[in-house]
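The block underneath contains the structure these notes are about, expressed in structure tokens.
Bear in mind these aren't lab numbers, they're just calculated from the coordinates by the rules spelled out. Here the structure is a predicted model, which means the values were calculated and not measured. So basically every Cβ, Gly included, is an ideal-geometry build from the backbone, and we count neighbours across all protein chains shown.
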Amino acid sequence: MRQVPLGSTGIFVSELCFGTMTFGRESDEATSGALYARCREAGIDFFDCANVYAGGDSERILGKLIANERDQVIVTSKVYFPMGEGPLSSGYSRAAIAYQAEQSLKRLGTDYIDLYFLHHFDESTPIEDALRALDDLVRQGKIRYPAVSNFAAWQIARALGDSARLGLAHFRCVQPMYNLVKRQAEVELLPMAEVEGLAVVPYSPLAGGILTGKYGRRDEEVEGRLKESDMYAKRYAEPSYFEAARGLRDIAEERGHHPASLAVAWVARHPAVTDPIVGARNLEQLEPSLASTEIDMDDELYARISALTPAPPLATDREEERS
């Protein structure tokens, strides 16, 4: 597996990142260990996590797995969503970020977190408070780099400006939702990241399982997140998404690839993308994502897959300027 630069950090990471959201939830500890071992065997050294995943169990399991090779892997975590009750359980007050970072470090069994993400925009707290808290953690050696997930491009740009103005550690990586049926990031976020030299590690390249080839219709009875999670069912309710999935499945059959492999390779092909985040409940689900690195996503194949869904409008709506 190739090594790619993680934005402007000077760090090189595997061309795929593995998301550990299933650890301690859909995947028990033994299965999580098997997934981790297979990722390492395949050359993955980049693992994404969050404090809220499985109520902290994902961090605890990942911490055990990395214990004997902490200096060989890049590990992330996140803060924002509630981790219980009380004023320090969620959000971006300086006290809450400091407390939640300490809790993540304990669960992960490590002295530092490589990338520490603000997990969601917080309208109730001035962004400067969060930036100062992240800067404190960098200066204390508890995190290496601040990062951001689920922010709009303008929110990230404002935060970068504030960091520069105040002399604070700035975001080095962004984590947006991005896949063949969810392409909003192409409008402003991905171009901004390229210009600013930010690493981009998109999540949900398989669109909650739609692009794996197992769904033919919205109402099809198939086990998976769309059936089990109201959030995913609402997020991917648009019928056209399933039409695109059928089109991707047809191309995959023609080319001799798994649809999931093509879906991940398509995300990775965007010039702003550093690493797609792949996930799995078991080894069988993991293999097609690993195989994505073997696909030659040339211009013709990329254009053909891209045509399955409409490109989002330009930020200025000046369609005549689209190249």
Worksheet item: Tell me, what is the Rg over Rh of the chain, with Rh the Kirkwood radius over Cα pairs?
Response: 0.95
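With +1 on each Lys and Arg Cβ and -1 on each Asp and Glu Cβ, and nothing else charged, work out how big the dipole of the chain is about its Cα centre, in Debye to the nearest 20.
On the way: 35 positive and 49 negative charges, 123 e Å.
Taking the Cα centre of the chain as origin, the dipole is about 580 debye.
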Response to the item:
Going fewest to most other Cβ atoms within 10 Å around each Cβ, 106, 182 line up as 106, 182
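Of the DSSP beta bridges with both residues in the chain, give the percent that are antiparallel, rounding to the nearest 5. Display every interim value, and only then the final one.
On the way: 4 of 25 bridges.
The antiparallel proportion sits near 15 percent.
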Discussion item. Which three extents, in angstrom, do the Cα atoms of the range 92-168 have along their principal axes, listed largest first?
Written reply: 35, 22, 19
Discussion item. With +1 assigned to the C-beta of every Lys and Arg and -1 to the C-beta of every Asp and Glu, and no other charges, what is the dipole magnitude of the range 1-175 about the Cα centre in debye, to the nearest 20?
Written reply: 280
Discussion item. Applying a 10 Å radius around every beta-carbon, put 82-92, 22-32, 146-156 in order of their mean neighbour count, most first.
Written reply: 146-156, 22-32, 82-92
Practice prompt. Report, to the nearest 10°, how far helix 239-255 tilts away from the longest principal axis of the Cα atoms in the chain, using its own Cα long axis and a range of 0 to 90°.
Written response: 70
Worksheet item: In degrees between 0 and 90, to the nearest 10, how far off the longest principal axis of the chain does helix 57-66 point, with axes built from Cα atoms?
Response: 90
Worksheet item: Considering only 239, 259, 289, whose Cα is most displaced toward the positive end of the charge dipole of the chain, charges sitting on Cβ of Lys, Arg (+1) and Asp, Glu (-1)?
Response: 289
Response to the item:
For the chain, the longest principal axis of the Cα atoms and the Cα long axis of helix 259-269 enclose an angle in degrees, to the nearest 10, of 60
Response to the item:
Semi-axes of the range 1-175 from the Cα gyration tensor (sqrt of 5 times each eigenvalue, largest first, whole Å) come to 26, 19, 13
